[in-house]
1. Tally time: how many residues in the stretch 162-186 are at pLDDT below 95 and either closer than 25 Å to Glu48 by Cα or within 16 Å of ligand 3 (Cβ to nearest atom) (or both)?
2. Does any residue of the stretch 277-286 turn out to be modelled with pLDDT of 95 or more and either touching a Ser or Thr at 6+ places or on another chain (Cβ under 8 Å) or of a type in the set (Asp, Glu) (or both)?
3. So, Gly150, is that one under 25 Å from Asn10 (Cα atoms), under 21 Å from the mean Cα position of the chain (by Cα), of a type outside the set (A, V, I, L, M) and not assigned by TED's automatic domain parsing to the domain that holds Glu256 or not?
4. Being farther than 20 Å from Pro224 by Cβ and either within 19 Å of the chain's Cα centre (by Cα) or not aliphatic (A, V, I, L, M) (or both): is that true of Arg168 here?
5. Name the residues in the stretch 13-43 that are at pLDDT below 90 and within 21 Å of the chain's Cα centre (by Cα), would you?
6. What are the residues in the stretch 192-221 that are modelled with pLDDT of 90 or more and within 15 Å of ligand 2 (Cβ to nearest atom), if any?
7. Please enumerate the residues belonging to the stretch 258-303 that are surrounded by 12 or more Cβ atoms within 10 Å (Cβ to Cβ) and either hydroxyl-bearing (Ser, Thr, Tyr) or assigned by TED's automatic domain parsing to the domain that holds Glu117 (or both).
Amino acid sequence: MTEAKGTVLNGTGGIWVVRTTDGLTVDASLRGRLKQESTKLKLAVGDEVTIARDESEGAWSIAEIHPRRGVLARRAPGKARGERIVAANVDQVLVVFAAAKPEPHVRMLDRFLVIAEGNDIPARIIFNKVELVGGPSGVDAIARDYERAGYDVHRTSVKAEIGLTELRDVLAGKTSALTGPSGVGKSSLCNALFPGLDLRTAEISESVNKGRHTTVGALLVPIPDAFGGFVVDTPGLREVGMWGLPSVDLAHCFPEFRPLLGLCKFQDCSHGHEPNCAVRSAVESGQVSRERYESFLKLREELAEAEKTW
Ligand SMILES: Nc1nc2c(ncn2[C@@H]2O[C@H](COP(=O)(O)OP(=O)(O)OP(=O)(O)O)[C@@H](O)[C@H]2O)c(=O)[nH]1
Ligand SMILES: [Mg+2]
Ligand SMILES: [Zn+2]
């Protein structure tokens, strides 16, 4: 019996592609026992597993699924009807926007951050294409709100090679989910940071899978060994709705609101129109950004609307 530890890169329902810690990529299927248990615990991209193979069999099977450090998931609305896991063991979400072309859209940026916060995964923000706005300081006005909220903000340019070394250190050795609108430079960044990591190839192999199997959605792409880690390529991350998030939990997904949440006059304050609301006072005094508060109000309304249909 040979055993190895590895990480699930992708799967098509029956067969899972596992990358071993030795750098081998093998196909493996779930063992009978785990298959039954997997109605409770579904195997997901990003899961760390032990695979085993009998010398006689030749085929690898997944013998053990290791405990997860966390998941990036879309919660099912209503009761505990389970969740749809996008990827397991995601260390960080990197929200990528462009300084220009396309213009950054803060409501959308805040939505991505809330998804990360709702899953308890640390998020970072990247403003790419900064050479279009005169360099890194060209995004200061928009970045300031997020830095004040406690987020790390990276200013990069693939074209002018700005901020790339620093960003490489952030990705190395970790599993990072990259998200953001189309055309902001996510693939360009990955290819510039890690020559040899070809995100497009991965996307193509997924679309091939789509035709033949039920696809699991996300893909884990190994970062070249000299650096280590994985990039989660999730064409569908944009669709990870927040409709499973109870609207009362939304305020906790804005880190700069958290220290204020016990201070409102009413314990069940919705931070809308109630008197003596600590969040609104902080907005009025300039301590909390008005743009972020506007995003909060908009998302809260959206979630409350979704709750009615639960
Ligand atoms: N000016 C400028 N253009 C860039 C920079 N980085 C990427 N681009 C260009 O922006 C365009 C989009 O880049 P992609 O890497 O394909 O964007 P993406 O975020 O992966 O887009 P999707 O895969 O559609 O989600 C390409 O034409 C790139 O050459 C940059 O730093 N500055
Ligand atoms: Mg891309
Ligand atoms: Zn309040």
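The values are calculated or read from the model by the stated rules, or taken from the named source; none is laboratory data. No experiment lies behind these values; they were computed from the predicted model shown. In this analysis, Cβ positions are derived from the backbone assuming ideal geometry, glycine residues included, and neighbour counts consider all displayed protein chains.
1. Residues flagged as at pLDDT below 95 and either closer than 25 Å to Glu48 by Cα or within 16 Å of ligand 3 (Cβ to nearest atom) (or both) within the stretch 162-186 amount to 3.
2. Taking every residue of the stretch 277-286 in turn, at least one turns out to be modelled with pLDDT of 95 or more and either touching a Ser or Thr at 6+ places or on another chain (Cβ under 8 Å) or of a type in the set (Asp, Glu) (or both).
3. Working: under 25 Å from Asn10 (Cα atoms): no; under 21 Å from the mean Cα position of the chain (by Cα): yes; of a type outside the set (A, V, I, L, M): yes; not assigned by TED's automatic domain parsing to the domain that holds Glu256: yes.
The answer is no for Gly150.
4. For Arg168, the condition - farther than 20 Å from Pro224 by Cβ and either within 19 Å of the chain's Cα centre (by Cα) or not aliphatic (A, V, I, L, M) (or both) - is not met.
5. Within the stretch 13-43, Leu41, Lys42, Leu43 qualify.
6. Of everything in the stretch 192-221, those that are modelled with pLDDT of 90 or more and within 15 Å of ligand 2 (Cβ to nearest atom) turn out to be Ala192, Leu193, Phe194, Val221.
7. Scanning the stretch 258-303 gives Ser270, Ser281, Ser289, Tyr293, Ser295.
Every residue, every condition in (1) within 12 Å of ligand 1 (Cβ to nearest atom); (2) part of a strand (DSSP E or B), yes or no:
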| position | (1), (2) |
| --- | --- |
| Lys159 | yes, no |
| Arg168 | no, no |
| Gly173 | no, no |
| Ser176 | no, yes |
| Val184 | yes, no |
| Cys190 | yes, no |
